[in-house]
Amino acid sequence: MQTNLVSGALGAEINGINLKDSSEKNCIQINKLLLEHKVLFFRDQDISAEEQISLAKFFGPLERHIYVKGREKYPEIIRIIKGPNEKHQWGETWHTDVSYNVKPTKVIILRSVKIPPVGGDTMFSNMEIAYETLDEAIKKVINNKRAIHSSLGAAAFVEKYQEMKGNGNLDEYSNEHPVVRTHPETGKKILYVNSMYTKKIIDLDKSESDDILNQIFIHQQRLDFTCRFKWTENAVAIWDNRSTLHQGLTDFFPGRGLGHERVMDRIAIEGDRPN
Ligand code: SIN
């Protein structure tokens, strides 16, 4: 097995692991690598939907998205489709998946089905480093605080992304989580807010909360906390959704990135209640 680090902050491209093999031994090795690197990339993995599901089941119960319809035959898999002339794609801008849920996603397994010749890379950012490097005065304010995460706007995903199918649910969900959570497997502290879903820090007045959150959102997006993956077909990314942010880049500009379809198959594994 060969591990090539993708950046100095997080991410490793792994050669020599076959994702068709969902034996306990193989999955334990993948989880060990995942905890170390936070996001793993694998190329030339021609895995079937059943094999992707079988691999995902090792990590825990599979999650159904509250707004987006899964594939007809495999409801656990969301097919993320960006049409050739769409300038937006699902997952654009920094976020951690479904942090408005009581038990937000633990791990995502994303497989590329159709990749444009240019554009649509995915970026990841390391929220352990973001916490470690955060201004001490901000740490003092946020330690032991909780924040409200809201799905408001998630329903609009379905209207905004023309090729994605909604499941009919447009309700809003909100839940509160610690601003700094502890990773259940590594014990490390993680900055657990994101600009897509985190609306307010509880026990601060609105203007102080807005000010602190804005400073944190800017900090979280520091490029030196990130890595970037250029997809090829049949590549797989597995990421720890608890300790990272991610975004699918929407660089679909006329004459360059625009004019191509992008198709991905996504499985989410349910996490625990953040502590
Ligand atoms: C996501 O945000 O889950 C999808 C990211 C991507 O398609 O690159």
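A short reminder: the numbers here are calculations on the coordinates, not readings from a lab. Please read all numbers here as calculations on a predicted model, not as lab measurements. No Cβ is skipped: glycine too gets one built from the backbone with ideal geometry, and neighbour counts run over all protein chains shown.
Cross-link partners of K57 among aspartates and glutamates, defined as those whose alpha carbon lies under 13 angstrom from its own and excluding same-chain residues fewer than eight positions apart: D21, E24, E76, E270. The residue among L19, T93, L258 whose Cα reaches farthest toward the positive pole of the charge dipole of region 2-270, with charges on the beta-carbon of Lys, Arg, Asp and Glu, is L19. Using the Cβ-Cβ distance between Q162 and K57 with R0 set to 35 Å, the FRET efficiency from 1/(1 + (r/R0)^6) comes to roughly 0.65.
Legend: calculated FRET efficiency, T186 to N85, from the Cβ-Cβ distance at R0 = 45 Å, rounded to 0.05, equals 0.55. Each residue of region 119-125 was assigned a 3J(HN,Hα) from its phi angle through the Karplus curve 6.51 cos²θ - 1.76 cosθ + 1.60 (θ = phi - 60°); the sequence is x, x, 5, 10, 10, 10, 9 Hz, with glycine and proline shown as x. Overall, the chain carries a charge dipole of about 140 debye about its Cα centre when +1 sits on the Cβ of Lys and Arg and -1 on the Cβ of Asp and Glu, all other atoms neutral.
Placing a label point 7 Å from the Cα of K114 along the Cα-to-Cβ direction, the residues of region 79-103 whose backbone N falls under 19 Å of that point are 79-91. Restricted to Cα atoms, region 2-270 shows a radius of gyration and a Dmax of 18.0, 52 angstrom.
Cβ crowding within 10 Å ranks H95, H246 as H95, H246, fewest other Cβ atoms first.
Since only L5, L34, F217 are under comparison, the one whose Cα sits farthest along the positive direction of the charge dipole of the chain, derived from C-beta charges on Lys, Arg, Asp and Glu, is L34. Distance cut-off 18 Å, Cα to Cα: go down the list K106/K189; K20/K82; K114/K160; K82/K103 and report the pairs above it. In this structure, K20/K82; K114/K160; K82/K103 exceed 18 Å between Cα atoms. Taking 0.36 nm per residue of separation and subtracting the Cα-Cα distance, full extension of the segment from I28 to K206 would add 59.7 nm. Computed from Cα atoms, the angle from the helix 49-59 axis to the main principal axis of the chain rounds to 30 degrees.
Identify, among A268, W239, M127, the residue whose Cα sits farthest towards the positive end of the charge dipole of the chain, taking +1 on the Cβ of Lys and Arg and -1 on the Cβ of Asp and Glu, with the dipole about the Cα centre. Most positive-ward Cα: A268.
Compactness of region 137-267 is given as radius of gyration and Dmax, 17.5, 49 Å, from Cα positions.
Here region 5-90 is treated with +1 on each Lys and Arg Cβ and -1 on each Asp and Glu Cβ, and its dipole about the Cα centre works out to around 300 debye.
Distance between the 7 Å Cα→Cβ label points at E136 and S7: 2.7 nm. Rounded to 0.05, the FRET efficiency of the I66 and L258 pair, given R0 = 22 Å and the Cβ-Cβ distance, is 0.15.
Phi angles across region 80-85 convert, under the Karplus curve 6.51 cos²θ - 1.76 cosθ + 1.60 with θ = phi - 60°, into 3J(HN,Hα) values of 8, 10, 10, x, x, 9 Hz, Gly and Pro given as x.
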